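We did not get these values from a lab; they are worked out from the coordinates using the rules stated. Treat the numbers as computed from the prediction; the structure is a model and nothing was measured. When we count neighbours, we look across all protein chains shown, and the Cβ atoms used for this are built from the backbone with ideal geometry, even at glycine.
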Amino acid sequence: MVGALGSEVVVAAPATGAMQLLWLIPALPLAVAGVNLFAGRKLGKGAGWLAVLAVLSSFGLAVASVLQLASLPGDARLFIQHGFDWFAVGNFTVAVDLRLDTLSATMILVVTGIGLLIHLYAVGYMEGDPRYGRFFAYLNLFVFFMLMLVLAENYLLLYLGWEGVGLCSYLLIGFWFEKTENANAAKKAFVTTRIGDTAMLIGLALIVAKFGTLDYAAVFGAAGSVLTKGTATTIALLLFAGAVGKSAQIPLHVWLPDAMAGPTPVSALIHAATMVTAGVYLVIRSSVIFEISGTALVVVTVIGLATLLFAGLCAIGQDDIKRVLAYSTISQLGYMFVAAGLRAYTAALFMLVAHAFYKALMFLGAGSVMHGMHEETDMKKMGGLIRRMPVTGWTFVIGALALAGLPPLAGFFAKDQILEIANQTGRQWVYVLGTLGAIISALYIGRLIFLTFFGRARTEEAEHAHESPWVMTIPLLALSLGAAFLGVLVQRSPEGPFSIWAESAVGTPPAGEFGLPVAALSTIAAAISVLTLAATWAIYASGRIDWMALRVRLAPIQRLFANGWYVDDYYSTILVAPGKAAAAFTASVVDAKIIDGAMNGIGVGTRRLASVGRKLQTGYVRTYAAAIFLGGVGILVYLGFRI
Amino acid sequence: MRTPIAYFLILSSILFALGTVGVLIRRNALLIFMSVELQLNAVNLTLIAFSRMHNDLNGQVLAFFSMVVAAAEVVVGLAIIVSVYRRRQTVDVDAARDLRW
């Protein structure tokens, strides 16, 4: 099967109504980012509301455009808006064109919709911060770049957004740069993702070499005839390397847990709901190339599975509430890549949307907990918080149960469909490992909610925690509705309304007749999540098991998980230490000895020569006169001999 | 009968040699200056001699130019010598050797 884009004939929809304003969707946040960057200090509290207004307007326009897109017949759901020509080199031109199809439509709804709620929350969360205006400037700038990334009609514009969101991620992780760890975390995130981005750039160069263009329509249209299997594999893997960096998959996952140094709204928006899913978007968008390769799809699945299990285990060992969620995000992104690798793009996209809801919800909930606990993030010092902060607590529980895959919440349908497709298309190893991942997910998230919100309060702060203001709880309530009902409403099976909506851009999910019946698979999935959650309740909240003692007994494993399997340590031994040694070598040997040596050598040489040559300058007039005279004689003699 | 050109050239050479030796061995700036004038006039003599030989007035015109330039040069040169004298109370060129290593 070739993806839907492969056989696509570009029929642009009539450019009328809301679609004509498509360019405004990214332009508004950009404009407000500019205003807040330069005048944010003067605006004071108004900076936050202005930013909310910008994203609200973008969201409104996005909804209007998507409604118009949805009103078109299924195979005509494509609209390309030509902005302007960016640059041209010979025959190679790049235009700033925006593409609205059902894939990018879904993405802009997630980015602006969830972005709006997070902006609203941030108005309350960031109150009193000395760099309030700048925070919202960065946040809006991020929204702009993210929208460019998903709306781009060619790879270069996507890459512009891709690097832009990386920059905003860097700026926002290091937003409180006064603390060295925060600045280091920002640097680590930037450098680690650059590794993937560089590979991706090489991939884009290869596309230019093969196709002479970066436009999606042209590339995907010609891919079948231009690419051999080997070339397709190379390009797909290079693009996937970019996705691995951005979406924090093994082996470039190390930056995401540290990125939690940023303010919590940033973790929710960038490091859970939107930016980290850009890698999944890229794979879905480039599915034509991945499918020609075949091998690349297997790599995607394997990396996804490995990350899913690895990060899940790490999440179990974390004590910091935000780090649990960070590893959980890495793990859930693994599911999305597994789905994409199985060619179940609609399932991957639905997982992306559902995850955006419940993970943003939980990050914001964690921020609310920190807000009420004087910035405490250690779960060991919490407990019983649901009595003190009921809105935060219950919405968080909804998010957690969605992640654990409890029916009928969104996460259940999202995860179940991926496993179902794995089972039915005969990839039992994916199904078994994916189910294992589901057990691990339920385990760490059960541990998190029972340690944080249930049981008895373990510290004075937990005893006196307070609920957050309404600007922070309203987004929680809104997101919890999505986390709860999204699945029931739009995607109860892999052939649900969401798939039908998305298939004009990403194709239909593969059907298979292997494996167990659907009902049995759903029952297994539901039973697993219920049983695992019950087990975590028994350990952490029933009071019958001393979990601290258990933790001490399992200390080596606990430490292994808590330190993320020591991957950071391996990297610092294998990569960072030699890197620093090489830098020290170039600084003290190459630079100091060779380069400076050459420079100093020229200086010393000139001085030596001069110390001999200056003896000629005696200061006696007659020496000079004699020199002139002898010179004159010399010239005459020479001329005389020449004649 | 015309005086052969060789006589003029020999006289001119003698004058030029005298001037050169004067420039090279004298220490008094004024005397060096006079020696330079001697050299210039030796050259002027040559110019005029050749002018006569070729019946071409250009040589004599050039000699005039040379004299004018020499006069201008004397003005500048004497001014320098005067200011050197004011500063050092001497016109010995060996005393004025600050511009060296």
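Averaging Cα coordinates gives a centre for region A:132-209 and one for region A:15-39; these two points are 19 Å apart.
Once you divide the Cα radius of gyration of the protein assembly as shown by 2.2 N^0.38 Å, the number left is 1.54. Counting Lys +1, Arg +1, Asp -1, Glu -1, what net charge surrounds residue A:239 among other residues with beta carbon under 15 Å of its beta carbon? Taking every Cβ under 15 Å from that of residue A:239, the sum is 0.
Across chain A, where is the longest run that never hits GluC sites (Glu not before Pro) in a DSSP loop with at most 11 other C-beta atoms within 10 Å? Please list the in-between numbers first.
Details: sites that count: A:178, A:375, A:513.
Looking at chain A, A:179-374 is the longest stretch - no exposed GluC sites (Glu not before Pro) with at most 11 other Cβ atoms within 10 Å.
For region B:1-90, taking the reciprocal of the average inverse distance between every pair of different Cα atoms yields a Kirkwood hydrodynamic radius of 14.4 Å. Assign one of three labels to region A:202-312, namely rounded, prolate or oblate, based on the Cα gyration tensor with a ≥ b ≥ c the square roots of its eigenvalues; rounded applies when a/c is under 1.5, prolate when it is not and a/b is larger than b/c, and oblate otherwise. It is prolate, given that a/c is not under 1.5 and a/b is the larger ratio.
Once the C-beta distance of residue B:97 and residue A:85 is scaled by a Förster radius of 41 Å, the resulting FRET efficiency is 0.05 to the nearest 0.05. Two decimals, Cα atoms only, Kirkwood Rh: what is Rg/Rh over region A:273-362? A ratio of 1.00. Take each residue of peptide A:622-629, count the partner chain Cβ atoms within 10 Å of its Cβ, and average: the result is 4. Between the listed residues B:59, B:95, B:6, the Cα displaced farthest toward the positive end of the dipole of chain B, a dipole computed from Cβ unit charges relative to the Cα centre, is found at B:95. Which of the residue pairs A:359/A:380; A:187/A:580; A:359/A:415 have a Cα-Cα distance greater than 18 Å in the structure shown? From the list (A:359/A:380; A:187/A:580; A:359/A:415), the Cα-Cα distance tops 18 Å for A:359/A:380.
Taking Lys and Arg as +1 and Asp and Glu as -1, the other residues whose beta-carbon sits under 12 Å from that of residue A:548 total +2. Peptides A:71-77, A:342-348 ranked from most to least packed by the mean count of surrounding Cβ atoms within 10 Å: A:342-348, A:71-77. Helix content alone sets the calculated 222 nm mean residue ellipticity of chain A: runs of n ≥ 4 DSSP H residues at -39500 (n - 2.57) each, divided across all residues, give -23000 deg cm²/dmol.
When the Cα convex hull of region A:510-643 is projected onto planes of every orientation, the mean area is 28.0 nm².
Separation of region A:314-376 and region B:30-53, taken as the distance between their Cα centroids, equals 103 angstrom.
Each part reduced to its alpha carbon centroid, region A:40-111 and region A:212-263 end up 22 Å apart.
How do A:253, A:355 rank when sorted from fewest to most other Cβ atoms within 10 Å of their own Cβ?
If I rank by nearby Cβ atoms, fewest first, I get A:253, A:355.
With R₀ fixed at 60 Å, the C-beta to C-beta distance from residue A:295 to residue A:552 puts the FRET efficiency at about 0.85.
Annotation: aspartates and glutamates with alpha-carbon distance below 16 angstrom to residue A:179 (same-chain offsets under eight excluded): A:129, A:258, A:375.
Here the calculated FRET efficiency for residue A:636 and residue B:66, from their Cβ-Cβ distance with R0 = 22 Å, stands at 0.70, rounded to the nearest 0.05. With K and R counted +1 and D and E -1, the other residues having a Cβ less than 13 Å from that of residue B:94 yield a net charge of +4. Only one residue of A:74, A:144, A:104 has its Cα farthest out toward the positive end of the dipole of chain A, where Lys and Arg carry +1 and Asp and Glu -1 on Cβ, and that residue is A:144.
Calculated translational diffusion coefficient of region A:370-498 (25 °C, 0.890 mPa s; Stokes-Einstein with Kirkwood radius over alpha-carbon pairs) equals 153 µm²/s.
This ranking places A:570, A:125 by how few other beta-carbon atoms lie within 10 Å of each, fewest first, which gives A:570, A:125. Our compactness index for region A:91-215, the C-alpha radius of gyration over the empirical 2.2 N^0.38 Å, is 1.22. Overall form of region B:60-101: prolate. Here a/c, set by the Cα gyration tensor axes a ≥ b ≥ c, is 1.5 or more, and a/b is the larger of a/b and b/c. Cross-link partners of residue A:229 among aspartates and glutamates, defined as those whose alpha carbon lies under 19 angstrom from its own and excluding same-chain residues fewer than eight positions apart: A:291. Which shape class applies to region A:450-558: rounded if a/c is under 1.5, otherwise prolate when a/b exceeds b/c and oblate if not, where a ≥ b ≥ c are the square roots of the Cα gyration tensor eigenvalues? It is oblate, given that a/c is not under 1.5 and a/b is not larger than b/c. Extending 7 Å from the Cα toward the beta-carbon at both residue A:471 and residue A:627 defines two label points whose distance is 8.1 nm.
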